[in-house]
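Okay, so here's the structure we're looking at.
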Amino acid sequence: SKTSESITVAFPEVPGAMGYIIRAETKTGTFFSETLVSSSPGTMQGLQPYTEYEISILSKNAGGRSQPSYPVDQRTVVVAPSLNTSSPSNTSIEATWEPVDHAVEYIFVIIEEGTGNRIDINTTQTILELDNLQAGTNYTIKVQALDDEGRLGDAQTFSQLTRPATPKVLDVRIDALGRSGTTVFWLAVPGAASYTVTTSNNQTCTATFYSFCYIMPVFCGQNETVIVTAYNEAGASNPSELAEFLTYPCPPNNTLIEEYGPGNCSVVWDEVQMAQYYMTYVKWNDDQEKICNTTGTTCMFECACGYTFISFVIPYNKVGGSPIIELFNYTSAPCCPDSLNITLVSTETVEIEWTEGRGAELYQVTAEETNDIIHCNDTEPLCALSDLECDTTYSIKVTPCSEISGCNKTCTARTQVTAPCTPEVNDITQVTSSTYRVHFSTPNRVGTTYTITAKASGDTQTYKCESSDDSCDLTNLPCGTIFKVMGVAKSTSGERSLLGYEKTLETGPCCPDSCEVTQETQAMTNVSWSSAVGRGTAKCHTVENHCLMGCITCSTNYTVSMEAISSTGHKSECSFQGFSSSPCCPTHIKLYTILNNNTLNLRVSWRPQSALFYRHSVEVTGNGVPLNCDAAPGQKFCDVVGANCGVVYTVQVAPVLHDGTKVSFCQERTYSGECEFLTNHTVLALPRKWASG
């Protein structure tokens, strides 16, 4: 029996046999089997281990089978043990098996692959421990059981690989940019199929073909250890010795930019663990840059107004700088506007104009005196403040603002005094005929000058007076004129107020340039005068430039006075050169008819009334024919030649002034003459109407 399942039979061959049949059967008759073979030796398969069989041979040809040979007893050998092998360490192999029935000893042959080194071991135990082996080496293990008859049973071969040797960490590198993570390098060991790297925070990576691998991601601010373990089908090697490595620092927390004073800023941050120093970069929008290399947590820099600053802080250690960059933006307060120009456009409105401040997106204009109410909130560098109080100092501030940094409250205010308040004319009093004193309000600060202006409608000439007090005198005003009087104030800086409300001033009416008295009747004169400006209705109730006045006594010297009164009641006293009234008209005028050399004449006689002696002129008119005669001073009659009978005569006797002017208002008288009744010195004195003689 060469194996536990077969028996090989050798037998002499017989002539004429075409084949042979090997028969095996147990003595108990529980098993019977035949196997056809062509020649000797032949092997019977499918038998049971360590079982006794009766073996016989039969020959065979075309005629049939022969009788079986005499049986021979033979027992099959024991089976080989079924090993369970393992490599508890990288220098040992352990084999265990179940006991084999009827085996009394186990024979082992161990051969080291690659070297041929052989180890022979016999044991009666069911466990085999092999030590001092080569790590990561494959060993071939052949085992057989020996039965109680001293026969070797089946041979079984096993292969077992020892565990890999312990790897050695060569280097740990941190990618400064964080792209490839942490790279771990180690020394490769024989028999290793793969490697696993494990960090102290349980990050791992695996390699099969290379002696390095990458651990990702890299966590900043870590002080870690790493081990490398080799693997093959036998298991894991002992882990490598711990290798320490440091990752790059984390970015700092609470990084911010503070402006601790106008134009002075600093970047501040929290201290970072495992950071040896810090590089701080500050850039602003005109490509300027500030770099700080410091072991502290502050970087100071100048920060002009109206700029946007971008800053980042990189902590460094021996590994390098943190690749994690957190950008921080800071926009400084917008710049205060330059060239602030305040213009007074009216007494209550100022216009503010300025150049744009860098970084400003919006401007707020306030005045402290208006409780800092925002009057303008606009993007344009122009604003008008209206409805302001006159003669008031305003502190005006333009505050630039931006959406990011808010408003710059540090800008300096500018003061502006509004135009003076308008003075009001309170009263006007007449000082002289051409001088008037104007009283007005003084609502402005001391030093303000007030100008009073009087101007007549349609007249280009104006009359002015100035004063810092509450009154001034308008002089040389023409008479009979209506003026519009108004006041204006002027500050010491030259700003003028609005004109005040007009107040009417009417000067007294002008006296006529001349006055002429003409006697209309003996008791009535006509006083006429030249046109005068401003005159109203005279006492003689006329708006003309002449007036009839009664109760005048003839041959009397008079003084002419006139009171000119305007329509508003203003009066002017006018005096003129006196005049003498005309001589009195004669009275007792009589008409006589007289014959002189057979010629009919008329004699006119009268009684003079004037104390002075005047020449008299006599006009006698009949049938439209004037007949005149003159009488010398003191003479009381005059003869007219060429009278006719039956004619109605009109007779006027009037004194003649020394300048030859005849008094024109002496009354005419009418007479009728009838010749048949005429006698010498017969007087015909009739009324103006006809009457019978």
*Out of (1) open to solvent by 30 Å² or more (accessible area, probe 1.4 Å); (2) touching a residue at least 24 places away in the same chain (Cβ under 8 Å); (3) closer than 17 Å to T3 by Cα, what's the single condition that is false for T35?*
(2)
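To keep it simple, each residue is scored yes or no on (1) outside any loop (DSSP other than H, G, I, E, B); (2) more than 29 Å from the chain's Cα centre (by Cα); (3) free of Cβ contacts under 8 Å to residues at least 12 places away in the same chain.
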position: V267; (1), (2), (3): yes, no, no
position: D270; (1), (2), (3): no, yes, no
position: F301; (1), (2), (3): yes, no, no
position: C305; (1), (2), (3): no, no, no
position: F312; (1), (2), (3): yes, no, no
*Would you mind telling me which numbered condition in (1) among the β-branched types (V, I, T); (2) closer than 15 Å to I428 by Cα; (3) open to solvent by 80 Å² or more (accessible area, probe 1.4 Å) T492 fails?*
(2)
*Give the stretch 394-415 a look and list any residue that's open to solvent by 50 Å² or more (accessible area, probe 1.4 Å) and either hydroxyl-bearing (S, T, Y) or at positive phi (or both), or say none.*
T410, T412, T415
*Of everything in the stretch 162-175 that's farther than 23 Å from A135 by Cα and open to solvent by less than 50 Å² (accessible area, probe 1.4 Å), which residue is modelled with the lowest pLDDT?*
D175
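Any chance you could count how many residues in the stretch 272-299 are among the hydrophobic types (A, V, I, L, M, F, W, C), in a strand (DSSP E or B) and crowded, with 17+ Cβ neighbours inside 10 Å? Give the derivation first.
As a first pass, look at the stretch 272-299 and keep what is among the hydrophobic types (A, V, I, L, M, F, W, C): 272, 274-275, 279, 282, 284, 291-292, 299.
Subsequent filtering for residues that are in a strand (DSSP E or B) retains 279, 282, 284, 291-292, 299.
From the residues that got through so far, the ones that are crowded, with 17+ Cβ neighbours inside 10 Å too are 282, 284, 292, 299.
Matching residues across the stretch 272-299 total 4.
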_Quick test of your reading of the structure: I324 fulfils all but one of (1) open to solvent by 60 Å² or more (accessible area, probe 1.4 Å); (2) under 25 Å from S402 (Cβ atoms). Name the failing condition by number._
(2)
*Scan the stretch 343-381 residue by residue and report those that are surrounded by 15 or more Cβ atoms within 10 Å (Cβ to Cβ), over 19 Å from N408 (Cβ atoms) and β-branched (V, I, T).*
T347, T349, V350, T370
_Quick check on my filter: what residues within the stretch 212-225 are closer than 22 Å to A275 by Cβ, in a strand (DSSP E or B) and not hydroxyl-bearing (S, T, Y)?_
I215, N223, E224
*Quickly run through the stretch 338-377 and pick out the residues that are part of a loop (DSSP other than H, G, I, E, B) and either out of contact with any Cys (no Cβ under 8 Å at 6 or more places or on another chain) or closer than 21 Å to T393 by Cβ (or both).*
D338, S339, L340, T347, E348, W354, T355, E356, N371, D372, I373
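Please tell me if S332 is within 22 Å of W269 (Cβ to Cβ) and touching an Asp or Glu at 6+ places or on another chain (Cβ under 8 Å). Before the answer, list the steps.
Details: within 22 Å of W269 (Cβ to Cβ): yes; touching an Asp or Glu at 6+ places or on another chain (Cβ under 8 Å): yes.
In short, yes.
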*Please go through the stretch 212-245 and pick out each residue that is open to solvent by 30 Å² or more (accessible area, probe 1.4 Å) and not hydrophobic (A, V, I, L, M, F, W, C).*
Y214, P217, Q222, N223, T225, Y231, E233, N238, P239, E241, E244
*Quick check, is I22 in a strand (DSSP E or B) and touching a residue at least 40 places away in the same chain (Cβ under 8 Å)?*
no
*What number of residues in the stretch 184-211 are farther than 16 Å from L242 by Cα, in a strand (DSSP E or B) and either open to solvent by 20 Å² or more (accessible area, probe 1.4 Å) or in contact with a His (Cβ under 7 Å, 6 or more places away or on another chain) (or both)?*
2
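Of the residues in the stretch 648-662, how many are aliphatic (A, V, I, L, M), under 16 Å from T621 (Cβ atoms) and open to solvent by 10 Å² or more (accessible area, probe 1.4 Å)?
Just the residues of the stretch 648-662 that are aliphatic (A, V, I, L, M), to begin with: 648, 651, 653-654, 656-657.
Filter once more, so that each one left must be under 16 Å from T621 (Cβ atoms): 648, 651, 653-654.
Those left that are additionally open to solvent by 10 Å² or more (accessible area, probe 1.4 Å): 648.
Residues flagged as aliphatic (A, V, I, L, M), under 16 Å from T621 (Cβ atoms) and open to solvent by 10 Å² or more (accessible area, probe 1.4 Å) within the stretch 648-662 amount to 1.
So which strands (runs of 3 or more DSSP E) are wholly in the stretch 406-487 and hold at least 3 residues that are in contact (Cβ under 8 Å) with a residue 24 or more places away in the chain and under 52 Å from the mean Cα position of the chain (by Cα)? Outline the logic, then answer.
On the way: elements: 414-417, 425-430, 436-440, 449-456, 462-467, 471-474.
Those strands (runs of 3 or more DSSP E) span 414-417, 449-456.
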*asked:* Testing Q160 on (1) touching a Gly at 6+ places or on another chain (Cβ under 8 Å); (2) more than 24 Å from S6 (Cα to Cα), one condition comes back false. Which one is that?
replied: (1)
*Give the number of residues within the stretch 650-668 that are at pLDDT below 85 and outside any loop (DSSP other than H, G, I, E, B).*
0
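Quick one: which of C401, C376 is at pLDDT below 90 and in contact with a strand residue (DSSP E or B) (Cβ under 6 Å, 6 or more places away or on another chain)?
Numbers: C401 fails: at pLDDT below 90.
Unique residue meeting the criteria: C376.
The values are calculated or read from the model by the stated rules, or taken from the named source; none is laboratory data. The structure displayed is predicted, hence computed values, not measured ones. Heads up, the Cβs are rebuilt from the backbone with ideal geometry, glycines too, and the neighbour counts pull from every protein chain shown. Note: areas computed on protein heavy atoms with side chains; ligands, DNA, RNA excluded. Shrake-Rupley method; radii C 1.70, N 1.55, O 1.52, S 1.80 Å.
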